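Quick notes on the structure that follows.
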Amino acid sequence: TLHFNTIAAITLSQRTAAMATKKRKSDALDGKIASVGRAKKTKAGRQSAWNCFRRHEQERDDNIMEELCDVDDDEVKGELIQNALIGFAEYMIDNPVPQQNSTGKVLGDDGCKQYLSSVKEEIKDQTSSLPIWINHEEVWYTELRNRVGTGKKRDLITGAWEFKDPNSRALPIRCAASNLRQSERVWAELEGVDLESICKSMIAGDVTDCYRERAKLVLTALAVGRGGEVAFLRYDLFWWDDIYLCPEVIWARLKTTMQQPIYLQGCCDGYLCDIYHSMGSYFALEDGLFRLDLSNPRKNRLVFPDLRGVTTDTVASRMTTLIRAHSAPELRQRNQSRSIRVGSNTTLASHPDVLPEEQRNAGGFKSGYNTDLYTRMNPKLGMTAANALAGYKNARKMVYPPSLDSLAGLVDGNGLDRLMEKLYLISVPQFLPHGALRTFLQTATAKLIMEHPSMIADLGRDNKMVKKLVESMTKAKLAATPGEAAQRLDHWSNVIRKDYRTKNNLIPSATDATLLEVVQQQSVIINQLVLSNGNMERQMEKQTGEIASLRETVQSQSTSMVTALTTSLMGSLQTVWRVRSGNANNESTVSSVSSRLNKPPTDEPPAGEPPADEPTVDDSTMPMAPSSPFQQAAETSVNESSLPDLVTAFIGRIQNMIQDANNNGGKDKLAQLSWSEQQGASVKGVTVKETLLVLVNEKRLHTKKKLYDIEPASLLSKNRGHYWACMELVEQVVTQEQRLVLQLKPSEQGKIDDFDDVLKITAYTIENAAFKKMEELDGKKTSSMRPTISGLGNRYSKYCDNNKVERIKTSHKNLAAVPLTGSGSITSWFSNVKTNVVNVLSPGRKKQT
C-alpha cells in the first residue's frame, strides 16, 4: 500500500507561478482565463485530482509541465501528454486512491475517470493550442477513459478494497418497500427514507421557519434540482398556465449555466410534498408574500429573500444539515441535498409513461448531441414528468387541481376573498387581486382546506396551520365560533375532495396488500354467487321434503304441548277437589276425566255400548305435574331442535365455498383470509378477528349481551377504553347469521364440517366490515391493512369526539384509562392468549368430536 500522505502536493497556484515565465503568452492567458467562473467544488475537485497526479509524477521523478516547456516540437509535446495520461491511468487502476472525505473509502471507477478528466483539462488549459487536442475525444481520449473504468472495476471486484459511494443514495418524494432493494428494505419504516417523512418531522415540531424550509425541499424535488438552485427562484419569472392549470417557473441550472422553464404539479394524494400546500403554508404562517422594504425590488422579487447573498454551496450545506437532522441514524450520513435530485431522477426513470427525452429535459441534462441546440421546453415536453413526480399513475392525462369553484353556492359572494385576506399578508403584486399569480394562491387555499382533516389526523388540532385556518374563518365572518368553523371546514374539505377526485377520475390510493384483499373479497363474492346458482336446483328439490318434515315437527310439538297441558291441568284439579270436599269419589271422577282426555280417539267405545268401569287412581302413582307446560315445551325445542334455517344456509354457503376451493386446489389461498400462526408471528397488534376467536375459544359469546359488554379474560382495566370503542363499532356491522355462528356451543360446532374454517372466515368478514365502516365514518384512507383493536378503537373514539357523536356507553369513556396511540399496551394484553388461539384454531387442528 502506498502512503500518499508523506508526499507534498504542489498546488495549482504554485505550478502556474513557476511556469508562467517559460510559457508563450497565449498559453499563459489560456490557463488563467479557463479557471474563471468555475464553481468552488469544481475547483476543489480538480485540485484533488492534480495533487494525486503530482504524487504519481514524484514517484517516477517526472514533471510533465517542465518537460513541455523544454520541447519546441508540438508533435513531441502531444506524445508526452498522451504518455503522461496513460501512465496516470495505469497508476489509478493498480493502486487505491483515497476519497476526499472522512469515510476512509477508495475511489471507484467513476471517481477515477473523473480524476483523469480533471487532470486532462488542467493540462489542456495550459496547452490548448497544441494539435493533440484536435478531436481528441473521438480519436484517443474516450477509449483511454473507458479503459480506466473497466480496469478499476475489475480491480475492485478481484481486489481487497472496500468500495462505497456515500453520495449515491436516492431520496424520493415517497418511497414504498417495493422501491427499495432487498438490502435496503430495513429502512422502509425509518424517518428519512423519503422526503415526505422528513417534511412531516419538520412541520410536526412547529419550529421557526419550518414551513419555509419545507417549501425549499419540495421545490427542489419537483424541479429535479441541485441543492443551491432554489435560491434563484423569482416571482417575476413565475407564471400560472391557464391551459394546463399549473405553475410554470424559470429554474436556474448552475452547473450548466442554463435557465430552464419547468412545470410543477400538485401531489396526487397527500399534502406533505405538495407544491400548493407547502407554498400556501409558507405564505400563511411565515408571511412568504410580505416584503417590509419595498424599495429593493431585486430582493423583493425573490421567493426566498433569506437566501439573497448566500452562496449556493452554503445553501446546499444548510439543506443537507436540515435533511440529516430529520433522518434516522441509519440514514443520516447517506442523505444529503444531492440525494433529492437523485431520488427525483430515479422516479422519472422508473415511471412507465416518461420517455428518456422527457426525463432528460426535466432535470436539465445534456444528451451530448446537437439536438440539444435546437430543442426548447414546452408544456407537452414537461407536463408528463411533472405529473409523474406528483405521483399520478397515468402521467399523460390532464390533471385538474383542487379548486375553490367547487364551493360555489356554499359561500357568499366575497366570502372566500375575505378568508384569503385574513389568511395571508400580501405585498407581492403578483398575488394581489387581478395579479398574474392570484389563481395560484386560490389553488393553494383550496388545497389547505381540502387537507385540513388530514392535518388534524396527522398533527393534531394544536398545529399552527390548523389553528390559523380556523381563526381566519372566524375573522372573515364565515363562522361564529371556532367549533362552527371546524365543522364548516370539514364539510368544505369533503366537497373540494369529491370534486377533485371526480374531475381526475381518481380512486383512493391502495397498497399492494389492499389490492390483494379486494381481489380476495371479490373472489369470495363471485364464488358465493356461483355456488348459489349451482345449489338453486338442489335447494328447490329439498323444499318439498323440508315442508313435509316441518309439518311433522309442528304436529309433534302440538302433541307434546297438549300432553303437557293435560297433565298439568289434571294435577291442579286433583289438588283443588281433594282440598274442598275430601270425598274419595272425587278421585274416581278425576281419574275418569283424565282417562278420557289421554285416551286416543280410537279407544272410544262404539255408539250404544256402555262404558267400562274406570279404575281408581292412586295418589302415590300420580305423575308430578310440571310448573309450566310452556316452559317444558320451550326447553324441549331448544335442546332437541336443529339449527335455525338462517344459520344453516349461511354455514352451507361457506362450506360450499371451501369445498369448491379444495376441489380446485385453492384452499391454501382461501386460508389466507384468516389469521394463521405464520402470519401472526411477523405482525404487530391484535386484530378484531383474533379477538373474536379468543372470545369463542373462551366460550364467552353464549349470551345475549352486546359485544362491548363481553370482555376477554386477559383484558386489563387500562386497555378497556380502546376495546369498548372498537367493539361498539363492530356491533354496528355484525349480522344475525354471523352472531349465531359465534354463539354456537361446542356440541353444535362438532356437527358442522370444516367448522374451524367457517369460524375464521366469519370472523374475517366481521373484521373487514368494521374496517370499511370506519373508513366511511372518518373518510380516512390509511396504508395499514391490519384492523387492530388499538387502531380502530382510537379512530372511532376520535370520530365520536370530533363529530359530537354520543357513545353507546358513556360510562366507559374514561380517557384516563385509555392508553396512548402506539404505546403497545393494547398488544400486550393479548400476548399470551394469541398462542392459545393458534393452538386451538390452527388450520391443522382436528375436528371436535
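Of note:
- Accessible area of segment 355-397 belonging to carbon and sulfur atoms, whole % at 1.4 Å probe: 58 percent
- Annotation: amide H-H contacts under 5 Å for Cys246 (H modelled 1.01 Å from N, sequence separation of 5 or more, or interchain): Asp241.
- Amide H contacts of Ile173: Leu195, each under 5 Å away and 5 or more positions distant or on a separate chain (H built 1.01 Å from N in the peptide plane; Pro and chain starts excluded).
- 3J(HN,Hα) along segment 183-194: 6, 9, 6, 5, 8, 4, 9, 7, 6, x, 6, 8 Hz, from the Karplus curve 6.51 cos²θ - 1.76 cosθ + 1.60 with θ = phi - 60°, whole Hz, x for Gly and Pro.
- Total formal charge among the other residues, if their Cβ is under 10 angstrom from that of Cys267, Lys/Arg +1 and Asp/Glu -1: -2
- Cut-off 11 Å between beta-carbons: net charge of the residues surrounding Arg301, Lys and Arg +1, Asp and Glu -1: +4
- Sites Glu731 and Glu184, calculated FRET efficiency, Cβ-Cβ separation with R0 41 Å, nearest 0.05: 0.40
- Accessible surface of segment 59-139 [probe 1.4 Å, protein heavy atoms]: carbon and sulfur percent: 41 percent
- ³J(HN,Hα) computed for each position of segment 76-92 - Karplus, 6.51 cos²θ - 1.76 cosθ + 1.60, integer Hz, glycine/proline x: 5, 4, x, 5, 4, 5, 4, 4, 5, 5, 5, x, 5, 4, 5, 4, 5
- Computed from Cα atoms alone, the Kirkwood hydrodynamic radius reported for segment 60-145 is 14.0 Å.
- Calculated over segment 130-289: convex hull of Cα atoms, volume per residue (Å³): 221 Å³
- Built amide H within the under 5 Å cut-off of Gln260, gap 5+: Trp251, Ala252, Arg253
- Total formal charge among the other residues, if their Cβ is under 9 angstrom from that of Ile173, Lys/Arg +1 and Asp/Glu -1: -1
- Chain lengthening between Lys804 and Glu776 when straightened (0.36 nm per residue, less Cα-Cα): 8.4 nm
- Per residue convex hull volume, Cα atoms of segment 730-798, in Å³: 94 Å³
- Cα lying deepest toward the dipole's positive end in segment 308-372, options Pro329, Gly343, Phe365, charges on Cβ: Pro329
- Karplus-based coupling profile of segment 709-721, in residue order and whole Hz: 9, 10, 10, x, 5, 8, 6, 7, 5, 6, 9, 5, x, with θ = phi - 60° in 6.51 cos²θ - 1.76 cosθ + 1.60 and x standing for Gly or Pro.
The values are calculated or read from the model by the stated rules, or taken from the named source; none is laboratory data. From a predicted model like this one, the values you see are computed outputs, not experimental measurements. We place every Cβ from the backbone using ideal geometry, glycine too, and count neighbours over all the protein chains shown. Areas reflect the complete protein model, heavy atoms only, side chains present, ligands, DNA and RNA absent. Shrake-Rupley method; radii C 1.70, N 1.55, O 1.52, S 1.80 Å.
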